[in-house]
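To start, the structure itself, in structure tokens.
The values are calculated or read from the model by the stated rules, or taken from the named source; none is laboratory data. Small disclaimer: the values here were computed from a predicted structure and weren't measured. Heads up, the Cβs are rebuilt from the backbone with ideal geometry, glycines too, and the neighbour counts pull from every protein chain shown.
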Amino acid sequence: MTPALAIFVKTPGFSPVKTRLAATIGAAQATHFHRLAAAATAAVARSCRPALVPYWAVAEIEPAAHRMWSGFAHVWQGEGGLGERLHHVYSELQARHGRVLLIGADAPQLTPALLGRALAVLNAGDSPFVLGDAADGGFWLFGGREPVDRNAWLSVLYSRPDTAMQLRDALAARGHLGTLPMLADTDDAADLPVLIQALAALPDLLPAQRTLHAWLLAITDETSLAGVHA
């Protein structure tokens with residue numbers, strides 16, 4: 001079976017997006033960032049075909065929301081908190097594909113090589129799961145080749161400085177958890193310069209990543225971001 005890659009997204013107009021970022025740069029700009037970051041993430045996923053089958057994991061159940069995400073098949077995240085939604089998407093795709101990678105659209109500086117490394121960990125046989133830590137204590141990628149009990153997902157407190165560690169602890173009895181390089185999520189305006197630097201450091205920017213990088217450079221000159229570099 002070909003492994004699956006699920007990209008978790010919320011749909012503008014149906015759910016609030018990037019609210020912490022919007023508090024500084026405004027809702028319209030934050031929404032535009034969300035779209036550009038999702039497009040850049042999708043471009044990376046697309047470049048990994050046919051080794052991966054990409055999906056949009058859409059927060060909303062409305063068909064109109066799903067139609068706004070093109071290019072990949074769709075899976076609904078389900079109801080409840082993040083743990084419930086991770087469990088729902090992972091369980092559904094793991095049953096179909098065997099191996100599954102879950103990511104968001106908040107680390108668009110990811111690369112095809114990083115996704116390839118995640119698959120290599122799962123294929124090697126030593127680790128049934130793999131985790132990419134985020135700089136804020138969460139995780140930018142989770143992957144696995146075995147079912148994960150719902151209680152393991154629900155035992156984790158998300159959006160905390162120790163979220164990734166909690167998930168490691170929840171899965172400790174299942175065997176060694178492989179690791180990937182740390183990336184920085186983009187949650188608020190203070191994260192934008194970090195993302196600019198991360199994108200600039202990539203040796204081979206995809207066109208969608210280049211578009212995002214150019215837009216970020218432009219908006220960091222605006223007065224609404226004057227305090228980000230302070």
- [ ] Test GLY83 against the stated conditions and say whether it is touching a helix residue (DSSP H, G or I) at 6+ places or on another chain (Cβ under 8 Å) and without any contact (Cβ under 8 Å) to a residue 60 or more places away in the chain.
- [x] no
TODO: Please determine, by comparing only the residues of the range 94-118 that are farther than 21 Å from ASP185 by Cβ and assigned to a loop (DSSP other than H, G, I, E, B), which one is farthest from the chain's Cα centre (by Cα).
DONE: GLY98
- [ ] Would you check if VAL121 is assigned to a loop (DSSP other than H, G, I, E, B), more than 14 Å from the chain's Cα centre (by Cα) and among the aliphatic types (A, V, I, L, M)?
- [x] no
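Table: residues versus (1) at pLDDT 95 or above; (2) of a type in the set (Lys, Arg).
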| residue | (1), (2) |
| --- | --- |
| LEU5 | yes, no |
| PHE8 | yes, no |
| PRO12 | yes, no |
| LYS18 | yes, yes |
| ILE25 | no, no |
| HIS34 | yes, no |
| ALA40 | yes, no |
- [ ] Kindly indicate which of GLY137, GLY143, GLY175, GLY132 is closer than 25 Å to VAL9 by Cβ and in contact with a Pro (Cβ under 6 Å, 6 or more places away or on another chain).
- [x] GLY137
TODO: Read through the list (1) exposed (fewer than 15 other Cβ atoms within 10 Å of the Cβ); (2) of a type in the set (S, T, N, Q); (3) assigned to a helix (DSSP H, G or I), then give the number of the only condition that SER91 fails.
DONE: (1)
- [ ] Filter the range 109-156 for residues that are under 19 Å from ALA4 (Cα atoms), in contact with a Gly (Cβ under 7 Å, 6 or more places away or on another chain) and of a type in the set (Val, Ile, Thr) and give the result.
- [x] VAL121, VAL130
Open item on the list: Looking only at the range 44-59, filter to residues that are in contact with a Leu (Cβ under 9 Å, 6 or more places away or on another chain) and among the hydrophobic types (A, V, I, L, M, F, W, C); which one of those is surrounded by the fewest Cβ atoms within 10 Å (Cβ to Cβ)?
Closed with: ALA51
Open item on the list: So, LEU192, is that one of a type in the set (A, V, I, L, M) and under 24 Å from GLN77 (Cβ atoms) or not?
Closed with: no
Task: Among the residues listed as THR24, THR41, THR19, THR2, the single one being polar (S, T, N, Q) and surrounded by 19 or more Cβ atoms within 10 Å (Cβ to Cβ) - done: THR41
Task: Positions within the range 109-128 being β-branched (Val, Ile, Thr) and either free of Cβ contacts under 8 Å to residues at least 60 places away in the same chain or buried (at least 24 other Cβ atoms within 10 Å of the Cβ) (or both), in sequence order - done: VAL121
Task: Test: residue in the range 60-79 that is closer than 18 Å to THR186 by Cβ and either under 14 Å from the mean Cα position of the chain (by Cα) or surrounded by fewer than 22 Cβ atoms within 10 Å (Cβ to Cβ) (or both) - done: no
Open item on the list: Scan the range 98-108 and tell me whether some residue there is out of contact with any strand residue (DSSP E or B) (no Cβ under 7 Å at 6 or more places or on another chain) and surrounded by fewer than 19 Cβ atoms within 10 Å (Cβ to Cβ).
Closed with: yes
